Amino acid sequence: MWIEPSPVQVSESLREAVGGHPLVADTLARRGLTTVEAARAFLDPDQYRPAPPTDLPGAVEAAERLERAIRRGELICVWGDFDVDGLTSTATLLSTLQDLGAAVRYHIPTRQEGGHGVHLPALRRLIGEGVQLVLTCDTGVTAHEPVAYAQAQGVDVVITDHHDLPPDLPAAYAVVNPKMLPADHPLRELPGVGVAYKLAELLYERASRAAEVEQYLDLLALGIVADVATLAGDVRYLLQRGLERLRRAERLGLRVMMESADVRPDWLTEEHIGFELAPRLNALGRLADANVGVEFLSTADLARARMLAAELEGLNAQRKLLCDQVTQAAESQLERDATLLEQAALVLSHPSWPAGVVGIVAGRLAERYHKPTILIATPDGELGRGSARSVEGCDIHAAIAAQGEMLERFGGHPMAAGLSIQSERIPQFRRALSRTVRQMCADLGRRPALHIDGYLPLSDLSLDLVAQIERLAPFGPGNPPLTLASRGVTLTSHTAVGRSGEHLRLTVENAEGTSQTVLWWQGAGRGLPEGRFDLAYIVRASDYRGQRDVQVEWVDAREAVQPQAGKAAAVTSPAQLRVVDYRRESHPRELLDRLRGLEGEGLVVWSEAGDKAGVAGWDRYELRPARVLVIWTTPPGAGELRAALGQVSPEVVYLFGVNPGLDRAPLFLERLGGLVKRALKADRGQVSLSTLAAATAQREGAVRAGLEWLAARGHVTILEQDEVGKGMALAPGGRVEEDTSEYLARLKGMLEETRAYRAYFQRADAEDILPRGERRGS
């Protein structure tokens, strides 16, 4: 299904300030940038005001500990990771500390050593060799046992990481992680190299050498793109700055790599990083020892740089071959057992698959089948090691975390994760994961709706147009490239291209006789349209063989549709539900006040937990029919959202989606415990699941699990329940059970499901959030 460009009101002041092609101002307005100041800050990094590094929790403590180590001459070890984010993080912190006079070495684990993370055997060896302070980057936030061991040896650990937080943090000297920040903070989406860069920035500032941190902006750009970070807030700004630096090609290793990849530095974009530079660096960690990657990124020896670049070229060619072989093998498994495709998540395994490439193939299958995919390498006699890739709107890390009892290790973030598992547990894991994913994301497996940003005739496609569109770049998660469309074209020719003929080069022509070449990546074997059709595409600049030209890339096609007379885009009729997306508004309270003034009594605000009183809202059990529903608090699940829509029956829904921040077991139990204490004092121990669910912004099942845990720990006694179990009588104190781990595991699983749904609610397109029965006219 195509979603037509929504009508948008662009003020004259905004259109005048933006200038250029109208498409630029229209797109800015549709993406919520409606003021001149916001648009300028988005388009021009000179107009953006970045957040200070001191905003990062733990950054000051980390900097102080590193400065003390430098003064005392303590040996610091920077412990990184073998992907591009980890390598650039390591090179940034290593070079910074060397520049500031530290005694410093580094360590990058290999896949043979145990993969991602901090491993005890290597840590013991490093401490035995005299390391006195460990500084992690892009890893460490779940390293409880290694951190405890180091501390017991008198060695402090400073963790810098960006992966999702565990329920309890390691007992490190300092933990620097942007996930501790509020969901709307501009540093929240920093990748590992972003955290490393902000710590380096703080160290240089404290040394009165603030400007010198900019020498690492090129490494920062590499890591941001390679880790597929969300381009919001400071992350977009830092990538803009990093691309500027990267185009100067001052770093020797990167300059040599660009020569090998036939990339012109002055034309470099985020696309070149994602498809040319990052895969070469990642090949080291996938197939060899990535420690030399840090040397490659920091060497000043031209001969050494060329030798390492040649090694990267060879490994990258090997990586491509292995990826093709594993893709074919995975597709064969799906052909042999069609029931695998019936699962909400694809989980495939094989003993001969190289662990270093399964993540790439998982990404290909996730894109093809529109569902989360995990590929697991299961060598005989070893733990299976898997890589997961997800689709927009499904937090695969949260889904995996809900099955944590089956796994040896896991970690990651919403779109990508890794895990270790006993091979015999894979069938059970596949079934349990699919159940969780199905609950989290009901629409998986269906082709996602395609948002069209604008219609253009083929004759408008030019390098001048591309230059206008690239003002909105860099593109990526959080700022997708524009999807344009042309009406009523026909296919006049097609040719297979690529090493294996896996791509197609097409020629299309419109009714006026204008023709255009179109590339369809991985299009071989797909059905080609017949007759007249509408074509959706992305337009870029190509620098193939040193010639700059327009490149049009196939996205989708449909049977030609005639636009309604006098209308540029389809709009909803008055009888249809209208959804207005304010999830990324920088001043939501002010906007809510304005909405109240406009809508008056016809508006109800659904808010729960701590925000309910602050916005004078109603919880899910108090809602009444109204024309306008404001969803202020992110719902805990799709069922609760469906019930609220049924109670209100609104014509208009405004999405704010403020996360109540109670999906971690310690925070939830702290609040639930406080509510129970109050009930014991004021209400003679009488409680209802509905009241507690609204006060904690959780599902009733999670509240019940929380009460059962409190009872198992001896905090309360559940005296009686009503027939449906929604009313309870509690008494203080009780018998302490010996083993409460099962109660806690059940609670954590339910909270993880809620956290995953809330992550989906924040990331998904507004039109995809409402349950299917409520999407009138969508």
* Structure fact -> Dividing the helical contributions, -39500 (n - 2.57) per DSSP H run of n ≥ 4, by the residues of the chain yields a 222 nm value, nearest 500 deg cm²/dmol, of -12000 deg cm²/dmol
* Using the 4.7 Å Cβ rule, please list in number order the cysteines from the chain without any candidate partner. => Cys77, Cys137, Cys323
* Asked: Got the relative contact order for segment 321-413 handy, in percent, Cα pairs under 8 Å and 6 or more residues apart?
  -> 22
* Keeping every protein chain in place, order Arg255, Arg336 by accessible area at 1.4 Å, biggest value first, i.e. largest first. => Arg336, Arg255
* Asked: Spin-label point model (7 Å from Cα, Cβ direction): what's the Arg409 to Leu120 distance in nm?
  -> 1.2
* Normalised by the number of residues in the chain, what is the relative contact order in percent for Cα pairs under 8 Å and 6+ residues apart? -> 9
* Structure fact -> In whole percent, the fraction of accessible protein surface over the chain that belongs to carbon or sulfur atoms, probe radius 1.4 Å, stands at 48
* To do: Using Cα centres only, tell me the gap between segment 9-53 and segment 245-283 in whole Å.
  => 29
* Structure fact -> Computed ³J(HN,Hα) along segment 234-247: with the Karplus parameters 6.51/-1.76/1.60, θ = phi - 60°, integer Hz and x for glycine or proline, the list is 5, 5, 4, 4, 5, 5, 4, 5, x, 5, 4, 5, 5, 5
* **Options (i) 0.96; (ii) 1.02; (iii) 0.99 - which one matches Rg/Rh (Cα atoms, Kirkwood Rh) as calculated here** => (i)
* Asked: Protein chains only, probe 1.4 Å: how do Lys320, Lys371 rank by accessible area, largest first?
  -> Lys320, Lys371
* Structure fact -> Taking a ≥ b ≥ c as the square roots of the Cα gyration tensor eigenvalues, with a/c under 1.5 meaning rounded and otherwise prolate when a/b beats b/c or oblate if not, segment 68-132 comes out oblate
* **Per residue solvent-accessible surface (Å²) - the chain, probe of 1.4 Å** => 43
* Structure fact -> So, relative contact order of segment 44-149 in percent, Cα under 8 Å, 6 or more apart, is 31
* Asked: Rounded if a/c is under 1.5, else prolate if a/b beats b/c, else oblate: with a ≥ b ≥ c from the C-alpha gyration tensor eigenvalues square-rooted, which is segment 320-440?
  -> rounded
* **Arg431 accessible area, assembled protein chains, probe 1.4 Å, Å²** => 130
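The values are calculated or read from the model by the stated rules, or taken from the named source; none is laboratory data. Everything quoted here is computed from the prediction, not taken from an experiment. All Cβ positions, glycine included, derive from the backbone under ideal geometry; neighbour counts span all protein chains shown. These area figures cover heavy atoms from the full protein model, side chains too; ligands, DNA and RNA do not enter into them. Shrake-Rupley method; radii C 1.70, N 1.55, O 1.52, S 1.80 Å.
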